[in-house]
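The values are calculated or read from the model by the stated rules, or taken from the named source; none is laboratory data. In this text the structure is predicted, and so the values were computed from the model without any measurement. Note: ideal-geometry Cβ built from the backbone for every residue, glycine included; neighbour counts use all protein chains shown. Note: accessible area is taken over every heavy atom of the protein model, side chains too, but ligands, DNA and RNA are not part of it. Shrake-Rupley method; radii C 1.70, N 1.55, O 1.52, S 1.80 Å.
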Amino acid sequence: MRTSPIHIRHLAVSAAGTALFLTGGALTGGPVAHADDTPAPSPRPTPARTKSLTSDADGGGWSDADALRFWTPDRMDSATDPAPPTAAPKAGLTAAPRDSRSVAAGMPTAEHIPGAKSVGVIFTYEKDPTTGDMHAHKCSASVVQSPGHNLILTAGHCSGGKAVFVPWYRTEYALDKQTYGFYRVADWFVDNRYVNNSKQRVSDLDFAFARLSPSSQGKNAQDLVGANTLVRTPGYVNNVTMVGYPSSHNPEDRAVRCPTRTAALGGFYQMQAKCAGMWGGVSGGPWFSKIDWTKGTGEIIGNTGGYNGGGNDNNADWLTYSPMYGDWLFRLYDEAKNNQHVSHGDSYQQPALPYAMGNADAWSHARLLASGEYTGDGKGDLIVVWADGEVSLYTGDGRGGFTGRRRLAGPGGTWKDVKSLTGGDFSGGNGSDLLVAWKSGEVRILPDVGARGLGRGIGLARAGSVWSHADRIVGGSFGTAKHVSDLLVRWSDGEITDYTAVGDKGFGTEHRLQKPDSRWKQATLLTAGDFSGRANWDALVRWPNGKISQYQDTGPGGLGKEVQMAPPQSIWTQDVVLTAGSYDANGWPDDLVVRWSGGETSIYARTGTAFGAERMLVPPQ
């Protein structure tokens, strides 16, 4: 943590350009931090708890009048660090000053901006217990949605004391002349286990909320500046825009933003990001995954804070941390919305850390995907066949992510010659089976591959059979009640057939759904899931022109009703492999995993007649 006699470490960040929205990518895991980026445990004693469960902010005679008497224009000006920037600021967007001694080539640099209405400064009326100096401009914060229209989000180490929040702060205006007013903090909400500026795992909890009193005009902050939406952090790797107000190297106390990309902070439930110019004063500032600059609000997936209060000991301004937003953040958010102070005990149990699935270069070689519950734990897993013949099993966590990878077959061998495969319940048992069709026409069921491995399995067709013309196979429930034991096949001449009750005794009963057809010969990708909630599963087809069609309630009676999910010439011309399964908490096979042409891999959870929310599993290069 970098401190000055006046200021606590608060980092600032920026947005990409001036487009209305910056959409963050999502990943269940991210790259482990490099050794020189990963903080070492601190040998110093554990500091005292940051605050009690109760707050006296509403008491003690702290009023708007008191705030105005204390925060005179001169005192507010003195809250900023007098250190001059390396270059005089210019009108419009200018780069914030950076420490050139420790900046890697190509690193983004924070730039000055007019601000975002929902983001502002926390001024605190308290003295530093060590130096006796006023904390003054202590942190940055943002307004978040709440029933009372009166909550802000900041860092845990920013909490406490008699404080005021000034949204869209302008240093040229006195406190009572600010564009959107000022708001006294009436109460603080911090996880009781958090320890101020810790270098231990409890720093994962470095987030806080504050309830604001109405302005002297009786207005709530959210009614004037809008409010941001809090979103669970999708994974370690995200595109974000960090926003905040540096109090150091920023004599005009102007807002900055920085578009950057996050990575994992090894050993912590936290992200890290590189951006020069992130000086003290921006702690608590939001990390936006989306932001509409016209409205000044967006979606927040993190805040400056975490390890050592959000900053590393070994650099001045360019390596910044944020807690991941998971269950504990949203429990505290609920408590703040309901004006409750709840003790969660004395010990902090770190959640399971997101698993890193690798990079786009590796995933550009993922040739086939098959969904199923291969480990028998009721959570969706993913089988990947790579271009070199290696086969991997990714175990699902039931939350749209994965907890690990297991090799089922090494490179080379017969798996290089697999034409298509699918998961399903074809032989009974606790886990899903694989049904595999080789180019030669051989077809085999491999039972319970998560427990038994691949093996030889059960032969359904020999090499040289008609199944050499089966271009795509996909398992599902297309007429057999309760079991994923049916098989949809697209043949090389465009014929579509449905085999019901496929098992170790054979292919069951064949039903023709489509006569040989030149159009269906061009159906490049095929998968199935229960997207419509009807009696049977639905087939999903990608056509060569990028059109995506969903055929609802596919079964022995026909393909079902066609619903267009994406028009021709859409981005879906770039998808290479796809599979549908049950990967999130609703336990329904409506999650779509897509590997794109560059290796980027996404999951569209809870897909219906339209695609669900996209989360990035493997980021682009």
**Request:** Considering each of Gly587, Gly612, Gly555 in turn, give the residue that is small (Gly, Ala, Ser) and more than 27 Å from Thr375 (Cβ to Cβ).
**Result:** Gly555
**Asked** If you check Ser602 against the conditions, is it loosely packed, with under 15 Cβ neighbours inside 10 Å, modelled with pLDDT under 95 and among the hydroxyl-bearing types (Ser, Thr, Tyr)?
**Response** no
**Qualifying strands (runs of 3 or more DSSP E) (wholly inside the range 167-266; at least 3 residues being modelled with pLDDT of 95 or more and closer than 21 Å to Thr320 by Cβ)** = 239-244
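Out of all the residues in the range 550-570, is one or more acidic (Asp, Glu), surrounded by 14 or more Cβ atoms within 10 Å (Cβ to Cβ) and over 24 Å from Ala437 (Cα atoms)?
Among the residues of the range 550-570, at least one is acidic (Asp, Glu), surrounded by 14 or more Cβ atoms within 10 Å (Cβ to Cβ) and over 24 Å from Ala437 (Cα atoms), which makes the answer yes.
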**Item:** Residue count for the range 470-500, restricted to those that are open to solvent by 40 Å² or more (accessible area, probe 1.4 Å) and modelled with pLDDT of 95 or more
**Value:** 3
**Asked** Do any residues in the range 406-429 that are within 21 Å of Ala451 (Cα to Cα) have Cβ atoms under 9 Å from those of residues that are part of a strand (DSSP E or B) and among the acidic types (Asp, Glu), where the two are at least six apart or on different chains, and which pairs are they?
**Response** Gly423/Asp381; Gly423/Asp433; Gly424/Asp433; Gly424/Asp486; Asp425/Asp433; Phe426/Asp433; Ser427/Asp433
**Prompt:** Listed residues Ala208, Ala227; which is touching a Phe, Trp or Tyr at 6+ places or on another chain (Cβ under 8 Å), under 16 Å from Val121 (Cα atoms) and in contact (Cβ under 8 Å) with a residue 40 or more places away in the chain?
**Reply:** Ala208
**Message:** Being basic (Lys, Arg) and under 17 Å from the mean Cα position of the chain (by Cα) is the requirement here; does Arg261 meet it?
**Reply:** yes
**Message:** Step by step: first the residues of the range 202-236, then only those that are hydroxyl-bearing (Ser, Thr, Tyr) and open to solvent by 20 Å² or more (accessible area, probe 1.4 Å), then the one that is nearest to Ala116 (Cα to Cα). Which residue is that?
**Reply:** Thr229
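Output the residues belonging to the range 322-338 that are assigned to a loop (DSSP other than H, G, I, E, B) and either hydroxyl-bearing (Ser, Thr, Tyr) or loosely packed, with under 13 Cβ neighbours inside 10 Å (or both).
Step one: of the range 322-338, the residues assigned to a loop (DSSP other than H, G, I, E, B) are 324-326, 338.
Scanning the range 322-338 gives Tyr325, Asn338.
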**Message:** Can you tell me which of (1) of a type in the set (D, E, K, R); (2) open to solvent by 20 Å² or more (accessible area, probe 1.4 Å); (3) under 35 Å from the mean Cα position of the chain (by Cα) is the one Asp433 doesn't meet?
**Reply:** (2)
**Item:** Enumeration of residues in the range 274-287 that are buried (at least 24 other Cβ atoms within 10 Å of the Cβ) and more than 17 Å from Ala208 (Cβ to Cβ)
**Value:** Cys275, Ala276, Gly277, Met278, Trp279, Gly280
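Conditions tested, residue by residue: (1) over 16 Å from Leu421 (Cα atoms); (2) of a type in the set (Val, Ile, Thr); (3) open to solvent by 30 Å² or more (accessible area, probe 1.4 Å).
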residue	(1), (2), (3)
Leu353	yes, no, yes
Ser371	no, no, no
Asp377	yes, no, yes
Ile383	no, yes, no
Leu393	no, no, no
Gly404	yes, no, no
**Request:** Considering only residues that are under 24 Å from Ser63 (Cβ atoms) and out of contact with any strand residue (DSSP E or B) (no Cβ under 6 Å at 6 or more places or on another chain), look in the range 135-159 and name the one that is modelled with the lowest pLDDT.
**Result:** Ala136
**Prompt:** Of the residues Lys290, Lys295, which single one is part of a strand (DSSP E or B), modelled with pLDDT of 90 or more, in contact with a Gly (Cβ under 6 Å, 6 or more places away or on another chain) and open to solvent by 10 Å² or more (accessible area, probe 1.4 Å)?
**Reply:** Lys290
